[in-house]
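Here's the structure we're looking at; comments come further down.
The values are calculated or read from the model by the stated rules, or taken from the named source; none is laboratory data. Bear in mind the structure is a predicted one, so any value in this text is a computation, not a measurement. With ideal geometry, Cβ positions are generated from the backbone for all residues, glycine too; neighbour counts draw on all protein chains shown.
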Amino acid sequence: MNRLFFQPHQAGLSKVEAAEHTLRNINPDVSFETHNYNITTMDNFTHFMDRISYGGLEEGMPVDLVLSCVDNFEARMAINTACNELGQIWMESGVSENAVSGHIQLIIPGETACFACAPPLVVAANIDEKTLKREGVCAASLPTTMGVVAGILVQNVLKYLLKFGTVSYYLGYNAMQDFFPTMTMKANPQCNDRHCRRQQEEYKKKEAERPKVEVVEEEEEVVHEDNEWGIELVSEVTDAELQAASGTMPDLPEGITVAYTIPTEDTASGATVEETEQSLEDLMAQMRKL
Amino acid sequence: MADEATRRAVSQIPLLKTHAGPRERALWPQRLKEEYQALIRFVEQNKAADNDWFRLESNADGTRWTGTCWFIHELLRYEFRLEFDIPVTYPDTAPEVAVPELDGKTAKMYRGGKVCLTEHFAPLWARNAPRFGLAHLMALGLGPWLAVEIPDLIGKGLVVHREGQGSNQ
């Protein structure tokens, strides 16, 4: 967090305080509540769970989503424990120790794998670690990697909350090769966390009770009730003209296309300007006289 | 990656039986007893091997632990206070041991003096939880860290011997 927004004039503030100031300046209409503590201790953890349960938009209601942006395994496990116990949907994010990979993960207790269902995932780096490690230093940090991960996290949040696009259950980022693997991980029936196992049971029950809905894709024909004037939709350009105006399509991989093509033959036809003896000054004077 | 001596010492420490963290009101006292049993056994073994190097004690509910550890280097004894809280996810995650006096003196430490255990200890704990306990944390976590860092810090002059700390005979 501190690499993405902490500014020199905020020295002395805690990360969350500095974050609140910066974000409030960007959008004063957002409401903030900050707490600066270690969530793994008994007292703080109870308070943390309380705020998840009652700190929603309307006080007394639970929050809609929890986003984990912490930098250590223990804090993530604590968040995982809280969300499993409360059945709270959350998204976990992180950047690797060598700073050249990161990931986001959507966790729905009981439905998807929780953070404890499997050992920590690592986005394969395909690099020789020796080229990256420096003696005597544990962890590297690149705000660029963090910026990318923060961006894909928030993008995923928007898609989830506003219901557009495809929400990724897991999206990795390999900065060295620019590779973005996606996948889904089912919950582990032998997960160490008993609340995760309980959530899995409840999810199975709910799924069994849900009626099977047939998904039929229908193409809707746009038809108006009446067409008094006999209006037809016709392309302004004829097929022949369209052909002449197109050039060759470059060979592109799936998912990429061109905005338009340029034909090889010179299609611009018509008269050109004449040869003239007039100088530039003459032409300028002629223009002024018009 | 512990060395032979460490691995031998650890194999003597009894494993713990109760899988309970501080939030489990019914089972935590049982786990706490087992922690003390393992720690006592470990300290006795250390004394017998002439390698007594730490003391630990907790508050009444066993959620906060404090103590001292010491290190003999070139016949001089260096003593440090240590402390840690039991995290809510214990024993699936290990506590973060802190040596506050050394805060800021080495890169292998987080703010507040928390010893960096990521490389050499965290995967080991994950594989052996919940049978590993605080005695194992000392033996495999703090011990090796001190063995590497203290001589280095002494060499760099960042840790100096305090008069009256006593030397090794």
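For B:Pro130, the test of being within 20 Å of B:Lys17 (Cβ to Cβ) and in contact with a strand residue (DSSP E or B) (Cβ under 6 Å, 6 or more places away or on another chain) is failed. When segment A:61-87 is filtered for residues that are of a type in the set (A, V, I, L, M) and either part of a helix (DSSP H, G or I) or within 14 Å of chain B (Cβ to nearest Cβ) (or both), the ones remaining, listed by number, are A:Val70, A:Ala75, A:Met77, A:Ala78, A:Ile79, A:Ala82, A:Leu86. Within segment A:154-178, residues that are of a type in the set (Val, Ile, Thr) sit with their Cβ atoms under 8 Å from residues that are surrounded by 14 or more Cβ atoms within 10 Å (Cβ to Cβ), at 6+ positions apart or across chains, in these pairs: A:Val157/A:Leu67; A:Val157/A:Met91; A:Thr166/A:Lys159; A:Val167/A:Leu106; A:Val167/A:Asn156; A:Val167/A:Lys159; A:Val167/A:Tyr160.
Considering only residues in segment B:21-49 that are within 14 Å of chain A (Cβ to nearest Cβ), in contact (Cβ under 8 Å) with a residue 12 or more places away in the chain and outside any helix (DSSP H, G or I), the one that is farthest from B:Asn128 (Cα to Cα) turns out to be B:Arg23. Residues that are farther than 21 Å from A:Tyr37 by Cα and β-branched (Val, Ile, Thr) within segment A:65-101 comprise A:Ile89, A:Val95, A:Val100, listed in sequence order. Has segment B:84-96 got at least one residue that is facing chain A (nearest Cβ under 10 Å), out of contact with any helix residue (DSSP H, G or I) (no Cβ under 8 Å at 6 or more places or on another chain) and surrounded by fewer than 18 Cβ atoms within 10 Å (Cβ to Cβ)? No, segment B:84-96 contains no residue that is facing chain A (nearest Cβ under 10 Å), out of contact with any helix residue (DSSP H, G or I) (no Cβ under 8 Å at 6 or more places or on another chain) and surrounded by fewer than 18 Cβ atoms within 10 Å (Cβ to Cβ). Screening B:Pro130 with (1) in a loop (DSSP other than H, G, I, E, B); (2) within 21 Å of A:Glu97 (Cα to Cα) gives one miss only, at (2). Being exposed (fewer than 15 other Cβ atoms within 10 Å of the Cβ), more than 9 Å from every other protein chain (Cβ to nearest Cβ) and within 15 Å of B:Pro144 (Cα to Cα) is the filter here, so list the residues in segment B:98-130 that pass it. Matches in segment B:98-130: none. For segment A:179-197, filtering for residues that are without any contact (Cβ under 8 Å) to a residue 24 or more places away in the chain, assigned to a helix (DSSP H, G or I) and closer than 14 Å to A:Glu111 by Cα leaves 1.
What number of residues in segment A:116-130 are modelled with pLDDT under 60 and away from every other protein chain (no Cβ under 13 Å)?
Counting residues in segment A:116-130 that are modelled with pLDDT under 60 and away from every other protein chain (no Cβ under 13 Å) gives 1.
The single residue among B:Ala60, B:Ala20, B:Ala9 that is crowded, with 16+ Cβ neighbours inside 10 Å and over 30 Å from B:Gly155 (Cα atoms) turns out to be B:Ala20. Of the residues making up segment B:50-80, those that are of a type outside the set (Ser, Thr, Tyr) and either more than 20 Å from B:Ile150 (Cβ to Cβ) or within 14 Å of chain A (Cβ to nearest Cβ) (or both) are B:Glu57, B:Asn59, B:Ala60, B:Asp61, B:Gly62, B:Arg64, B:Trp65. For segment A:89-107, filtering for residues that are acidic (Asp, Glu) and free of Cβ contacts under 8 Å to residues at least 40 places away in the same chain leaves 1. Please specify each residue of segment B:28-71 satisfying the condition of being within 28 Å of B:Arg162 (Cβ to Cβ), among the hydroxyl-bearing types (Ser, Thr, Tyr) and either in contact with a helix residue (DSSP H, G or I) (Cβ under 9 Å, 6 or more places away or on another chain) or modelled with pLDDT under 95 (or both). B:Ser58 - this is the single residue of segment B:28-71 that is within 28 Å of B:Arg162 (Cβ to Cβ), among the hydroxyl-bearing types (Ser, Thr, Tyr) and either in contact with a helix residue (DSSP H, G or I) (Cβ under 9 Å, 6 or more places away or on another chain) or modelled with pLDDT under 95 (or both). Of the residues making up segment B:35-49, just one is of a type in the set (Asp, Glu) and surrounded by 17 or more Cβ atoms within 10 Å (Cβ to Cβ), namely B:Glu35. Just to be sure, is A:Thr46 hydroxyl-bearing (Ser, Thr, Tyr), in a loop (DSSP other than H, G, I, E, B) and within 13 Å of chain B (Cβ to nearest Cβ)? No, not satisfied. Within segment A:24-43, being part of a helix (DSSP H, G or I), charged (D, E, K, R) and within 28 Å of B:Asp85 (Cα to Cα) holds for one residue alone: A:Asp43.
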